[in-house]
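Worksheet for the structure shown next.
The values are calculated or read from the model by the stated rules, or taken from the named source; none is laboratory data. The structure presented is a predicted model; accordingly, all values stated were derived computationally and were not measured. Counting neighbours? That spans all protein chains shown, and the Cβs are built from the backbone with ideal geometry, glycine included. All accessible areas refer to the heavy atoms of the entire protein, side chains included, with ligands and DNA or RNA removed. Shrake-Rupley method; radii C 1.70, N 1.55, O 1.52, S 1.80 Å.
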There are 2 protein chains.
Amino acid sequence: MAKNEFDIIKHYFAQQQLQRDDVALAIGDDCALVNVAADYSVAVSTDSLVAGTHFLADADPAAVAYKALASNLSDLAAMGATPAWVSLALTLPTIDEAWLAPFCHSFFELANQYNIQLIGGDTTKGPLSITLTVQGLVPRGQALTRSGAQVGDDVYVTGDLGDSAAGLALILQQQYCDQHLASTLIERHFKASPRVSVGEALRGIASAALDISDGVVADVKHIAARSNVAIEIEVEQLPLSAELLAFCDGERQQAQQLALSSGEEYELCFTASAANRDALKAALAHTNVKYTCIGKVKAGSGLSLLQFGKPLTWQLFGWDHFVVKDN
Amino acid sequence: MAKNEFDIIKHYFAQQQLQRDDVALAIGDDCALVNVAADYSVAVSTDSLVAGTHFLADADPAAVAYKALASNLSDLAAMGATPAWVSLALTLPTIDEAWLAPFCHSFFELANQYNIQLIGGDTTKGPLSITLTVQGLVPRGQALTRSGAQVGDDVYVTGDLGDSAAGLALILQQQYCDQHLASTLIERHFKASPRVSVGEALRGIASAALDISDGVVADVKHIAARSNVAIEIEVEQLPLSAELLAFCDGERQQAQQLALSSGEEYELCFTASAANRDALKAALAHTNVKYTCIGKVKAGSGLSLLQFGKPLTWQLFGWDHFVVKDN
């Protein structure tokens with residue numbers, strides 16, 4: 001049976017059960033058509049995952065689909081937006097149904113969980129890559145941006161930091177540890193949960209937010225720059241999992257450095273005024289996601305690392321696929 | 001001077017002069033934020049261009065940028081939508097400023113012309129490809145879809161057909177002709193005009209529409225299938241340019257076959273009731289785009305080709321990058 005581009009689309013991508021009321025027209029025309037409720041803004045984000053750069057060409061397609069969608073949902077979470085629609089551009093070397101079937105199953109499982117509908121896309125021939133454009137809805141004026149941090153605010157992160165980097169090191173066989181620990185950390189690399197419910201709960205409470213995709217060190221600098229403030233991080237307050245500490249053989253400094261530089265964490269980093277501490281506690285209680293104060297917003301510019309209140313001079317870099325570091 | 005991903009984005013992609021009032025937040029945060037006027041729907045389309053599949057890796061970057069954006073604008077035109085916002089996912093093997101500068105110049109020139117603002121995207125390392133997600137606005141209920149064709153409607157196309165295919169054959173050096181003619185046809189392949197003003201003018205007049213991106217034969221079948229009708233095309237009515245006829249050495253049948261199968265034309269094909277002929281003429285007069293009736297909508301299903309009213313049995317295929325034809 002000949003399979004062409006249209007058959008692929010029809011067979012695999014028109015099968016999502018979720019049908020949102022605000023989608024007037026989904027897959028199958030020149031464009032999708034969606035409607036936006038009055039007094040809402042649309043948050044739009046695009047991310048690409050390229051084989052050989054962001055994942056190994058022989059990676060589990062279900063894991064690739066999860067990571068592609070989760071990383072995009074994380075961008076919506078960082079704006080306080082509720083997921084709504086996604087477009088998928090998939091480039092494949094050949095039509096490989098053994099790859100497509102688990103990819104789609106995993107993609108739709110996560111999409112359904114977050115109530116986001118696939119509304120269109122493109123399927124092309126070429127080196128394996130996935131580009132998603134996700135769209136979410138946020139009440140006008142309530143989006144969380146990077147530019148609102150105020151001097152005196154607390155700096156927080158959700159979850160634990162560094163597990164994703166440890167998992168990646170294990171996948172790339174740059175480091176080894178016992179099998180049970182390895183599978184836990186690898187699972188955390190592949191299966192980070194986008195913090196959508198946290199982002200929604202932070203509307204009206206956080207002053208600035210972003211998701212950690214290039215490492216805390218790199219990402220916090222974006223808040224500092226866009227908000228025209230300085231940020232201090234106390235490394236002893238970084239939330240480290242027991243698994244990360246075990247992976248580092250109890251070397252706390254190594255774990256802290258992984259926590260600071262680990263990309264693809266998909267935890268949220270946000271700032272909030274001290275006056276909002278109670279509101280924050282109440283708002284995040286229902287999300288069952290832990291959050292930790294890791295620093296303070298100060299006057300000035302840039303990022304400083306402190307240990308027990310004293311300046312540190314660790315050289316750390318955010319993740320950048322174009323920059324080769326010599327360390 | 002070290003250039004990393006952020007420098008590229010800042011330097012090249014944050015330079016568009018056009019700033020739309022409905023863009024609350026553009027490049028530089030986790031998401032862009034856009035606002036939609038009440039009573040409008042948002043039309044969304046995604047298309048990828050992959051080096052080696054859709055263009056040659058050494059193609060002029062300005063031509064690649066034009067083609068990428070024009071083909072996406074054409075999808076908005078086919079829905080009767082007015083262009084608004086675009087997201088750009090660009091995958092590059094290396095940071096090559098000699099490639100990026102003309103790419104961006106060409107991209108923004110066309111974007112400004114159509115009042116579409118770049119609101120975000122992603123820059124990644126890997127095999128050269130471009131994925132755009134464009135968004136446009138259309139009054140609710142007035143979008144042109146593929147599913148509204150009615151028995152008895154006329155079938156129209158804008159412009160001339162086949163020049164793009166002739167240009168491509170010349171680029172690929174599959175055929176030759178005199179230099180002046182060749183440069184005209186190659187220019188038409190690279191510089192097809194998206195028919196945005198036609199699409200807008202067709203709101204409330206056309207019963208169905210799409211843009212010709214896979215060839216008339218393939219695309220018209222989509223209207224027939226989605227509208228549950230049959231479509232007859234009279235090949236003697238196909239609009240052929242003098243340049244295409246010259247390219248075919250006056251072989252009218254070869255020109256007609258090119259016109260029927262040529263992909264990437266970015267002309268619109270639409271249906272409209274005979275009662276709307278005067279309204280159509282009035283609505284399209286200001287666009288300065290010619291349009292031609294090429295057939296009729298009938299009861300039944302599928303596509304029939306006629307020549308002087310008699311059935312033809314030419315074997316023609318739409319363009320599909322995954323299907324290798326043996327002719």
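Worth a mention:
- Per-residue average of Cβ from other chains inside 10 Å of A:127-140: 5
- Taking only the Cα atoms of the stretch A:5-139, the radius of gyration and Dmax are 14.4, 45 Å.
- Mean separation of Cα contacts under 8 Å, 6 or more apart, over the residue count of chain B: relative contact order %: 22 percent
- For the stretch B:5-139: relative contact order, % (alpha-carbon pairs under 8 angstrom, 6 or more apart): 39 percent
- Projecting the Cα atoms of A:T46, A:A77, A:V36 onto the charge dipole of the stretch A:24-96 (Cβ charges, centred on the Cα centre) puts A:A77 farthest toward the positive pole.
- Cα-derived Rg over Rh, computed across the stretch A:78-117 with Rh taken as Kirkwood radius: 1.07
- Cα-Cα over 26 Å, subset of B:K67/B:K310; A:K67/A:K281; A:K125/B:K221: B:K67/B:K310; A:K67/A:K281
- In terms of its C-alpha gyration tensor, the stretch A:110-239 comes out oblate, because a/c is 1.5 or above while a/b does not outweigh b/c.
- Using a 7 Å Cα-to-Cβ projection, B:Q19 label spacings across copies, nm, ascending: 4.3
- Label spacing, shortest first and in nm, from A:G141 to its equivalents in the remaining copies (7 angstrom along Cα→Cβ): 3.0
- Magnitude of the charge dipole for the stretch B:154-311, about its Cα centre and with charges confined to Cβ atoms of Lys, Arg (+1) and Asp, Glu (-1), is about 560 debye.
- Contact with the other protein chains removes 40 Å² or more of accessible area, compared with the isolated chain and a 1.4 Å probe, from these residues of the stretch B:46-74: B:T46, B:S48, B:V50.
- Among the residues of A:85-98, the average count of other protein chain beta-carbon atoms within 10 Å of the residue beta-carbon is 3.
- Restricting the calculation to Cα atoms, the stretch A:22-96 shows an Rg/Rh of 1.02 when the hydrodynamic-style radius is the Kirkwood one.
- Given +1 at the Cβ of Lys and Arg, -1 at the Cβ of Asp and Glu and no other charges, the dipole of the stretch A:4-145 around its Cα centre is 280 debye to the nearest 20.
- Each Lys and Arg adds +1 at its Cβ and each Asp and Glu adds -1 at its Cβ; summed about the Cα centre, the stretch A:103-165 shows a dipole of about 340 debye.
- Shielding by other protein chains, A:22-29, mean Cβ within 10 Å: 5
- Residue-averaged [θ]222 nm for the protein assembly as shown, counting only DSSP H segments that reach four residues, each worth -39500 (n - 2.57): -9500 deg cm²/dmol
- Listed residues A:T184, B:T313 arranged by accessible area, highest first, probe 1.4 Å: B:T313, A:T184
- Chains B and A together bury roughly 5100 Å² of accessible surface, counting both sides and using a 1.4 Å probe on protein heavy atoms.
- When B:G309 is represented by a point 7 angstrom out along its Cα-to-C-beta vector, the spacings to that point in the other copies are 9.9 nm, nearest first.
- Based on Cα contacts under 8 Å between residues 6+ apart, the stretch B:154-311 shows a relative contact order of 44 percent.
- Kyte-Doolittle mean at least 0.0, axial Cα span of 27 Å or more - DSSP H helices of chain B: B:61-79
- Three semi-axes of the equivalent ellipsoid, the stretch B:101-147, Cα gyration tensor, whole Å, largest first: 27, 15, 10
- Geometric extent, Cα atoms of the protein assembly as shown - Rg, Dmax (angstrom): 26.4, 89
- Whole-angstrom Cα spans of chain B along principal axes, big to small: 68, 51, 34
- 14 Å beta-carbon shell around A:V196, net charge (K/R +1, D/E -1): -3
- Interatomic Cα distance distribution for the stretch B:227-308, bins of 5 angstrom, percent: 3, 12, 20, 22, 21, 15, 7, 1
- Each residue, A:N115 and B:C293, gets one label point 7 Å from its Cα in the Cβ direction; the gap between the two is 5.0 nm.
- Sorting B:T287, A:T53 by solvent-accessible area of protein heavy atoms yields A:T53, B:T287, largest first, with a 1.4 Å probe.
- As an equivalent ellipsoid, the stretch B:107-183 spans semi-axes of 30, 27, 14 angstrom, where each value is the square root of five times an eigenvalue of the C-alpha gyration tensor, largest first.
- Scanning residues 5 or more positions from A:T145 or on other chains, those with amide H under 5 Å from its amide H are A:A209, with H placed 1.01 Å from N in the peptide plane.
- Split the accessible area of chain B by element, probe 1.4 Å, and carbon with sulfur accounts for 50%.
- Entry comment: accessible area of the stretch A:154-311 is 41 Å² per residue, from protein heavy atoms only and a probe of 1.4 Å.
- Listed residues B:Y12, B:P127, B:P139: farthest to the positive end of the dipole of the stretch B:5-139 (Cβ charges): B:P139
- Reduced Cα scattering model of the stretch A:190-327, Debye log10 I(q)/I(0), q = 0.15, 0.16, 0.17, 0.22 Å⁻¹: -0.80, -0.91, -1.04, -1.61
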